[in-house]
1. With an 8 Å Cα cut-off and a minimum separation of 6 or more residues, compute the relative contact order for region 36-329 in percent.
2. In whole angstrom, note down how far apart the Cα centers of region 120-182 and region 59-85 are.
3. To the nearest 20 debye, what charge dipole does the chain have about its Cα centre, counting +1 at the Cβ of each Lys and Arg and -1 at the Cβ of each Asp and Glu?
4. With a ≥ b ≥ c taken as the square roots of the eigenvalues of the C-alpha gyration tensor of region 164-279, please select rounded if a/c is under 1.5 and otherwise prolate if a/b is larger than b/c or oblate if it is not?
5. Which lysines, on any chain, are close to Lys85 with Cα under 28 Å apart, when same-chain ones fewer than 8 places away are left out?
6. Shape of region 49-150 from its Cα gyration tensor (a ≥ b ≥ c, root eigenvalues): rounded if a/c is under 1.5, otherwise prolate when a/b > b/c, or oblate?
7. Taking Cα atoms of region 36-329, Rg/Rh with Kirkwood Rh, to two decimals?
8. Evaluate the charge dipole of region 39-139 about its Cα centre and quote only its size in Debye, nearest 20, assuming +1 on the Cβ of each Lys and Arg and -1 on the Cβ of each Asp and Glu.
Amino acid sequence: MNRCNESRLPLLGVLLLAPVMMVCAGPVVSVPPVSPKTALSAPVKRVMPWDCAALAKTPVVHATTERPARGMRSFFYEGADYKGKPTWVFAYYATPEGKPPEGGWPAVVCAHGGGGTALPDWVRKWNQNGYAAIAMDLEGHLPGSHFFGVEGNFPVDQGHENAGPKRISWFGDIALPDKEQWFYHAVADVIRANSLLRSFPEINPKKIGLTGISWGGTIASAVAGVDSRLAFVIPVYGGGYIHKHDMTPEQYREYLAKWDPSAHLPYAKMPMLWVNGANENVFPLTTFSKSAETAGGTSTLCIRPFLPHGHGFGWEEVWEIGGFANSIVKGTAPMPRVARPQVDPKDGLVHARFTGDLQSAVVGYTTAAEWKNQILPGISCVIGKGEIIASKPLPAGTTAFMINASGSGVWGGASINSFLVTVKP
């Protein structure tokens, strides 16, 4: 099947001026042995495989006539070195029509998921919202097929002579040297895209954000803890705590310290919006919520009751993404946020603090022994002054619960969610 045939299909094979100096967020440390059980419960101290100072430099840009798209500027920019020479990363870039605002356009880096590529329609979507945007191919390909604004109906997965490595399943290249692994290059290419945007005179370097879909969401989650220059980060579907691997114990220890986003998220201090669906079966809410809670800054969850997994859905169906970005870089009303809920021992009811305006809220819960991404039954709540209180206790045998709320006012109808709380037996 055509791997870019994703206009309304799930992602396949997946499951995500002067230069400004960047300092890697957080310290660089060694890691002791960690068991898989420990890894699932807490992030480990990381080992930093990327040269942040090098990636902060403005990359060299190479003009190209390959894969033109209406209204887009297409080019290659140089990514990290691969086998002794710089990789070339294909990208589409465009700004909104008209004169830039004072200080320059806000901008967004768009990281695709598995089976994806640089997607012009994703850039256009952000342009329509008043943002410049860059979308790049993260697997060493030229854009192919005809989905999401890619023109010409060229073959998919077509490489080029200066390409970096492509993804091999779930970190299937872990045995290779660090700088020959796909995830090393994907993260580096995203950071380099930020560095490139910051060099453009029409861009406001203080207002550049990042969003990623599926594998791109996993990449974005890692980048958030590495590139402190970003104004906001929005992972969609993908996050950390990915533990589907065929590795030796030593490879697994290195993976946890270097590549899994959980090692980097504690150093992510920018605001983050985490977008997913309650029906998600690739990156389940258990690990997705834990990723959000691991981040070192303020995380807001937006869990739609039903959100298909695929390119297009991750930007067309979720208006909260643009609203959140606007609240960070355009000064619009902040998105409501619900704190981690807890059971008050005095009344046995679930309580949660919140900010902003809410229209309604329920406690979603499950009594299942294992998380199966089922639709959670709900307990209605009373919304007081800054506090949500459940109308009755959780049933016996509850194994996990969260607050599912709906925004009000300018955020009317928005999906506002708390972290998922797992109940210890």
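None of the figures in this text is laboratory data; all of them are computed from the coordinates on show. Just so it is clear, the model here is predicted, and its values are computed rather than measured. Neighbour counts run over all protein chains shown; Cβ positions are idealised from the backbone, glycine included.
1. The normalised contact order for region 36-329 reaches 17 percent.
2. What the calculation gives is 11 Å, centre to centre.
3. 780 debye
4. In terms of gyration-tensor shape, prolate.
5. Within the straight-line limit of under 28 Å, Lys85 reaches these lysines: Lys57, Lys166, Lys179, Lys258.
6. oblate
7. Details: Rg = 17.6 Å, Rh = 18.8 Å.
Ratio of gyration radius to Kirkwood radius for region 36-329: 0.94.
8. So the dipole magnitude of region 39-139 works out to roughly 80 debye.
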